[in-house]
Amino acid sequence: MYNGIENITICDHPLIKHKLSVVRQTTTGTNEFRTIIEEIAMMIGYEALKGLELKYEEIETPVEKAVCPFIAGKKQAIVPILRAGLGMVNGMLRLMPAAKVGHIGIYRDEETLEPHEYFCKLPSNIDQRAIYVVDPMLATGGSAVEAINFIKQHGGKDIYFLCIVAAPQGLEKLHAAHPDVKIFVGNLDRCLNEKGYICPGLGDCGDRIFGTK
Ligand code: PRP
Ligand code: URA
């Protein structure tokens with residue numbers, strides 16, 4: 001819960017904070033950056049999956065029969081916002097290997113900061129799935145709002161948004177546009193600068209994951 005809002009969780013975990021400090025550093029290279037982004041994604045995913053439904057089945061342990069909980073098996077979809085969201089997919093798949101993966105391509109115009117969509121492919125039966133939209137950076141919030149608008153237009157209802165770093169204005173914008181979406185944030189950073197970068201942030205996450213620029 002954040003500022004009394006049920007649907008916002010700031011993970012605020014020392015392991016995430018430590019790993020985030022490593023990826024924030026300019027001296028961290030592409031390989032280590034990618035690995036740590038995947039690890040942080042798994043930790044945020046662990047938090048986001050706390051509400052998974054369980055079903056009970058009778059099993060036999062070496063000692064006795066017992067009625068034990070198993071994941072109930074609601075269909076799931078992981079939807080990264082390209083490109084940087086791809087860096088979180090493997091971490092999420094480690095937690096839910098049977099999930100289907102969709103893709104939404106959105107880039108932010110460097111001058112206007114407006115989001116532009118260029119690709120979309122969602123798994124079938126999206127209306128019946130728990131949908132985990134992943135993008136490491138929630139800056140102005142424009143890309144996340146646009147991606148979720150699109151998913152809702154295609155019937156998505158049970159939607160989660162997971163990011164590694166958020167700026168306060170992006171978080172507010174996303175929650176205002178989609179109050180039903182359950183938002184999980186690794187760390188809430190201080191602000192955006194005049195170029196729309198999160199401060200202190202970690203720079204251009206897509207470029208750092210893929211070694212471009
Ligand atoms: C980054 C990031 C988000 C977006 C966040 O993507 O991965 O998608 O910016 O900014 P916003 O909240 O202000 O919309 P970018 O446009 O740099 O594309 P890339 O991942 O392909 O580098
Ligand atoms: N996108 C990024 O990759 N980094 C920021 O700080 C803001 C948007």
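How would you classify region 1-95 from its alpha-carbon gyration tensor, with a ≥ b ≥ c the square roots of the eigenvalues: rounded for a/c under 1.5, else prolate if a/b is greater than b/c, otherwise oblate?
It comes out prolate by the Cα gyration axes.
Which one, 91, 5, 22, is farthest towards the positive end of the dipole of the chain when Lys and Arg carry +1 and Asp and Glu -1 on their Cβ?
91
Between residue 67 and residue 199, with labels modelled 7 Å along Cα→Cβ, what's the label distance in nm to one decimal, could you check?
Each label point is offset 7 Å from its Cα along the Cβ direction, giving 5.8 nm.
Once you list every other residue whose beta carbon is under 10 Å from the beta carbon of residue 167, what net charge do they have if Lys and Arg are +1 and Asp and Glu are -1?
Values: positive: 173, 190; negative: 172, 189.
Around residue 167, the charge tally is 0.
Can you sort 190, 108, 94, 208 from fewest to most other Cβ atoms within 10 Å of each residue's own Cβ?
Neighbour counts put them in this order, fewest first: 190, 94, 108, 208.
In deg cm²/dmol and to the nearest 500, what is the mean residue ellipticity at 222 nm of the chain if only DSSP H runs of at least 4 residues count, each as -39500 (n - 2.57), divided by the residue total? Display every interim value, and only then the final one.
Numbers: 6 runs with 68 residues, N = 213.
Result for the chain, helices only: -10000 deg cm²/dmol.
Taking the beta-carbon count within 10 Å as an exposure proxy, list 88, 42, 1 from fewest neighbours to most. Mind showing how you got there, number by number?
Working: 88 29, 42 15, 1 9.
Sorted ascending by nearby Cβ count, the order is 1, 42, 88.
Tell me which GluC sites (Glu not before Pro) from region 25-118 have a DSSP coil assignment and no more than 15 other beta carbons within 10 Å of their own. If you can, show how the numbers build up before the last one.
On the way: sites: 32, 38, 39, 47, 53, 57, 58, 60, 64, 110, 111, 117; in loops: 53, 64, 110, 111.
Those satisfying the criteria are 53, 64, 110, 111.
Kindly identify region 56-165 as rounded, prolate or oblate by the Cα gyration tensor criterion: order the square roots of the eigenvalues as a ≥ b ≥ c, call it rounded if a/c is under 1.5, otherwise compare a/b with b/c, prolate if a/b is larger, else oblate. Could you put the intermediate results ahead of the total?
Numbers: a/c = 3.34, a/b = 2.39, b/c = 1.40.
Because a/c hits 1.5 or more and a/b exceeds b/c, region 56-165 counts as prolate.
What shape does the chain take by its C-alpha gyration tensor, where a ≥ b ≥ c are the square roots of the eigenvalues and a/c under 1.5 counts as rounded, a/b above b/c as prolate, and the rest as oblate? Intermediate values should be presented prior to the final figure.
Values: a/c = 1.81, a/b = 1.48, b/c = 1.22.
Prolate, since a/c reaches 1.5 and a/b exceeds b/c.
Which of the lysines could a cross-linker bridge to residue 65, judged by Cα under 21 Å and excluding same-chain residues fewer than eight apart?
The reachable lysines, counting only those whose Cα sits under 21 Å from residue 65, are 55.
Can you list the HN-Hα couplings for region 109-118, worked out from phi with the Karplus curve (6.51, -1.76, 1.60; θ = phi - 60°), rounded to whole Hz and with x for Gly and Pro?
Going residue by residue, I get 4, 5, 8, 8, 6, 6, x, 10, 8, 10 Hz, with x marking Gly and Pro.
How many angstrom lie between the Cα centre of region 90-130 and the Cα centre of region 14-47?
Each part reduced to its Cα centre gives a spacing of 20 Å.
On a 20 Å Cα-Cα criterion, which of the cross-link pairs 100/173; 17/213; 17/157; 173/213; 50/74 come out too long? Before the final figure, lay out the partial values.
Numbers: 100/173 28 Å; 17/213 26 Å; 17/157 31 Å; 173/213 29 Å; 50/74 14 Å.
Table pairs above 20 Å Cα-Cα are 100/173; 17/213; 17/157; 173/213.
Would you calculate the separation in nanometres between label points at residue 207 and residue 27, each defined as 7 Å from the Cα along the Cα-to-beta-carbon direction?
Output for this residue pair reads 2.1 nm.
Need one number: nm distance between label points at residue 180 and residue 3, each 7 Å from Cα along Cα→Cβ, rounded to one decimal.
Simple spin-label model gives 2.3 nm for this pair.
Each residue of region 131-144 in turn: what ³J(HN,Hα) in whole Hz from Karplus with 6.51, -1.76, 1.60 and θ = phi - 60°, glycine and Pro shown as x?
Per-residue couplings from phi come out as 10, 10, 7, 10, 7, x, 10, 10, 9, 6, x, x, 5, 5 Hz.
Determine which residues of region 65-81 fall in the zone a paramagnetic label at residue 125 would reach in this model, i.e. backbone nitrogen under 14 Å from the point 7 Å along Cα→Cβ.
73-77
Each value in this text was obtained by applying a stated rule to the coordinates, not by laboratory testing. What you see is a predicted model, and the numbers here were worked out from it, not measured in a lab. Positions of Cβ are backbone-derived with ideal geometry, glycine not excepted, and every protein chain shown enters the neighbour counts.
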